[in-house]
1. So which residues in segment 171-191 are in a strand (DSSP E or B), within 17 Å of Leu136 (Cβ to Cβ) and of a type outside the set (Val, Ile, Thr), if there are any at all?
2. Which pairs do you get when a residue that is on the phi < 0 side of the Ramachandran plot, found in segment 180-191, comes within reach of a residue that is loosely packed, with under 14 Cβ neighbours inside 10 Å and assigned to a strand (DSSP E or B), reach meaning Cβ atoms under 7 angstrom, with the pair 6+ apart or on two chains?
3. If a residue has to be exposed (fewer than 14 other Cβ atoms within 10 Å of the Cβ), of a type outside the set (Gly, Ala, Ser) and away from the ligand (no atom under 14 Å from the Cβ) to count, how many in segment 119-145 make the cut?
4. Is there a residue in segment 28-35 that is at pLDDT 95 or above, part of a strand (DSSP E or B) and farther than 28 Å from Asn138 by Cα?
5. Restricting attention to segment 152-170, does a residue exist that is of a type in the set (Lys, Arg), farther than 25 Å from Gly70 by Cβ, modelled with pLDDT of 95 or more and part of a strand (DSSP E or B)?
6. Would you point out the residue of segment 146-169, among those that are in contact (Cβ under 8 Å) with a residue 60 or more places away in the chain and open to solvent by 50 Å² or more (accessible area, probe 1.4 Å), that is farthest from Arg122 (Cα to Cα)?
Amino acid sequence: MKNIKVPVEVSARHCHLSKSDLEKLFGLGYELEKIKQLSQPSDFACKETVDIQVGSKKIEKVRIVGPPRGQTQVEISLSDAVGSGVTPPIRLSGDLKGSVGVVLQGPAGKVELIEGLIVAKRHLHCSSDEAKRCKLKNGDTVSVKIGGERSVVFDNVAVRAKDNYKLCLHLDTDEGNAAGINKMGGGEIIR
Ligand SMILES: [Zn+2]
């Protein structure tokens, strides 16, 4: 599993909405409008945004990523949380128990969540076949080196292997900035 090149994608702050929260925010029967396919085949960026209240801080126009999910999840960076009075935990997507509360405001209404706000834990998506080829399995931890002027090694990268995933390291904007990557780049699994 050494020296395998991987694409890197930087995820800006975004929300995933449950079907019922989507309707509370945008109206009954509302359907999200896809504007851009994301690297993982199931995910797409939507035209819609919401404003969120994180502690004492309001963050406007947070992009929604579709399709709707079982539970609403808001992902921000630690820099976003500075000055808000709250510190969201670093978690993998879907692991929301005991996370931080957040308020979402849409054109049709408001949703107040007692949990759902996280900072995404860096992770490597891969299909089951790619995992096998790289001698990795779901739940493993790897280190990925990013080259260039701000060369850095990210340890503690969680491997997320699933049939419909595609090989890609996901970082948040703080990590992307630290590594000198704006939106897209490349890295290498070194251990
Ligand atoms: Zn991801």
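The values are calculated or read from the model by the stated rules, or taken from the named source; none is laboratory data. Treat the numbers as computed from the prediction; the structure is a model and nothing was measured. Cβ atoms come from the backbone with ideal geometry, glycine included; neighbour counts cover every protein chain shown. With ligands, DNA and RNA removed, areas are computed over all heavy atoms of the protein, side chains included. Shrake-Rupley method; radii C 1.70, N 1.55, O 1.52, S 1.80 Å.
1. Kept after step one, since they are in a strand (DSSP E or B), are these residues of segment 171-191: 171-172, 184-189.
Among the residues that remain, those that are also within 17 Å of Leu136 (Cβ to Cβ) are: 187-189.
The answer is Gly187, Glu188.
2. Sorted first by the residue in segment 180-191, then by its partner, the pairs are Gly186/Lys5; Glu188/Lys5.
3. 6
4. Of segment 28-35, the ones at pLDDT 95 or above are 28-35.
Going one step further and asking which of them are part of a strand (DSSP E or B), we end up with 34-35.
Adding the requirement that they be farther than 28 Å from Asn138 by Cα leaves 34-35.
Yes, segment 28-35 has at least one match.
5. The answer is no; no qualifying residue exists.
6. If we filter segment 146-169 for residues that are in contact (Cβ under 8 Å) with a residue 60 or more places away in the chain, which is where we start, we get 146, 158, 160, 164-169.
After this cut, where a residue has to be open to solvent by 50 Å² or more (accessible area, probe 1.4 Å) as well, the list is 160, 164, 166.
Values: Arg160: 10, Asn164: 19, Lys166: 15 Å.
Among residues in segment 146-169 that are in contact (Cβ under 8 Å) with a residue 60 or more places away in the chain and open to solvent by 50 Å² or more (accessible area, probe 1.4 Å), the one farthest from Arg122 (Cα to Cα) is Asn164.
Residues checked against (1) open to solvent by less than 60 Å² (accessible area, probe 1.4 Å); (2) among the β-branched types (Val, Ile, Thr); (3) on the phi > 0 side of the Ramachandran plot; (4) within 16 Å of the ligand (Cβ to nearest atom):
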position: Arg13; (1), (2), (3), (4): no, no, no, yes
position: Asp21; (1), (2), (3), (4): yes, no, no, no
position: Ala45; (1), (2), (3), (4): yes, no, no, yes
position: Ile52; (1), (2), (3), (4): yes, yes, no, no
position: Lys61; (1), (2), (3), (4): no, no, yes, no
position: Lys97; (1), (2), (3), (4): no, no, no, no
